[in-house]
1. Considering (1) among the hydrophobic types (A, V, I, L, M, F, W, C); (2) over 23 Å from Phe201 (Cα atoms); (3) in contact (Cβ under 8 Å) with a residue 12 or more places away in the chain, say which one Trp120 fails and leave the rest.
2. Among the residues of segment 104-143, what is the count of those that are within 22 Å of Ala65 (Cβ to Cβ), open to solvent by 10 Å² or more (accessible area, probe 1.4 Å) and of a type in the set (Ser, Thr, Tyr)?
3. How many residues, within segment 40-77, are touching a strand residue (DSSP E or B) at 6+ places or on another chain (Cβ under 8 Å), free of Cβ contacts under 8 Å to residues at least 40 places away in the same chain and more than 30 Å from Trp204 (Cα to Cα)?
4. Which ones in segment 113-163 are modelled with pLDDT under 90 and aromatic (Phe, Trp, Tyr)?
5. Quick one: in segment 1-30, which of the residues that are open to solvent by 70 Å² or more (accessible area, probe 1.4 Å) and among the charged types (D, E, K, R) is modelled with the lowest pLDDT?
6. Can you tell which of Gly154, Gly207 is open to solvent by less than 30 Å² (accessible area, probe 1.4 Å) and either of a type in the set (Val, Ile, Thr) or touching an Asp or Glu at 6+ places or on another chain (Cβ under 7 Å) (or both)?
7. Open to solvent by 80 Å² or more (accessible area, probe 1.4 Å) and either without any contact (Cβ under 8 Å) to a residue 12 or more places away in the chain or in a strand (DSSP E or B) (or both) - does that describe any residue in segment 83-103?
8. Scan segment 31-75 for residues that are open to solvent by 40 Å² or more (accessible area, probe 1.4 Å), assigned to a strand (DSSP E or B) and of a type in the set (Ser, Thr, Tyr) and jot them down.
Amino acid sequence: APNQESAVKAPPPRANAGACYYNGKFWIYGGHGGLNYARIAYSDIHSFDIETEVWTKHEPVVSQAPQPEGRGGHTLFAFEDKLYSYGGWNSETQYNNIIVFDMNTCEWSDPDIYNDVSRWNHCAVMVEAIPTWKYFIFGGESTNFNEGQARTFGAYVNSSYYLDIGTMNWSELKPETDLMPSAREYAACSYDYANSRLLVFGGWNNGWLNDLHALAVNKI
């Protein structure tokens, strides 16, 4: 089989890439960037080996299926030797689906997993759960542009969803309290295993935020 990987220096400069850690490697996909003030929507995949400190670019297998467009503002998680990218946007469109990259075969696939309207600049965290793992997302910008409509800013949102990895179905999280975080993008989130809580910190909504919120998800 042809070699689809090559050891390289660090990827070109970028922001808003999807990133995750899996089996000793730090993986990134896409993002917006380039030299100086360029705003290229990248579609490349790189990994950084924590042990050897070597970057590797993973070249997708070119098949009859079209390759995914470049994007930024998406999130990335890994499960069973596959990378899953959700959401994001570029200058042409915005996304509300999940696309999958097989780490072993270097092939992309689009399994038709959709979630509500398009979303980008959200935060996300993968959680080991019983009987199946869950992928939680919060906030970001969200809207659907009509074809041919000029791309402008979306609306900040404070909604939360989770993807059940067993069924690959999305469900909305509906807190039993009115004390919800304000709508925002660029927040950070993590998971408190000791107390089964999602933690959300900061973000942007016409000003930088520094508040911390917790949401119990033990029922899920």
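The values are calculated or read from the model by the stated rules, or taken from the named source; none is laboratory data. What you are looking at is a predicted structure, and each value in this text was computed from that prediction instead of being measured. Heads up, the Cβs are rebuilt from the backbone with ideal geometry, glycines too, and the neighbour counts pull from every protein chain shown. These area figures cover heavy atoms from the full protein model, side chains too; ligands, DNA and RNA do not enter into them. Shrake-Rupley method; radii C 1.70, N 1.55, O 1.52, S 1.80 Å.
1. In the conditions (1) among the hydrophobic types (A, V, I, L, M, F, W, C); (2) over 23 Å from Phe201 (Cα atoms); (3) in contact (Cβ under 8 Å) with a residue 12 or more places away in the chain, Trp120 misses (2) alone.
2. Of segment 104-143, the ones within 22 Å of Ala65 (Cβ to Cβ) are 104-115, 118.
This time we only want the ones that are open to solvent by 10 Å² or more (accessible area, probe 1.4 Å), so: 104-105, 107-114.
If we keep only those that are of a type in the set (Ser, Thr, Tyr) too, we end up with 105, 109, 114.
Looking only at that region, the number is 3.
3. Looking only at that region, the number is 2.
4. Step one: of segment 113-163, the residues modelled with pLDDT under 90 are 116-117, 130, 143-154.
Once the filter is applied, which keeps residues that are modelled with pLDDT under 90 and aromatic (Phe, Trp, Tyr), segment 113-163 yields Phe145, Phe153.
5. Glu5
6. Working: Gly207 fails: either of a type in the set (Val, Ile, Thr) or touching an Asp or Glu at 6+ places or on another chain (Cβ under 7 Å) (or both).
Of Gly154, Gly207, the one residue that is open to solvent by less than 30 Å² (accessible area, probe 1.4 Å) and either of a type in the set (Val, Ile, Thr) or touching an Asp or Glu at 6+ places or on another chain (Cβ under 7 Å) (or both) is Gly154.
7. Taking segment 83-103 first, the residues open to solvent by 80 Å² or more (accessible area, probe 1.4 Å) are 91-92.
Going one step further and asking which of them are either without any contact (Cβ under 8 Å) to a residue 12 or more places away in the chain or in a strand (DSSP E or B) (or both), we end up with none.
Scanning segment 83-103 turns up no residue that is open to solvent by 80 Å² or more (accessible area, probe 1.4 Å) and either without any contact (Cβ under 8 Å) to a residue 12 or more places away in the chain or in a strand (DSSP E or B) (or both).
8. Passing the criteria: only Ser43.
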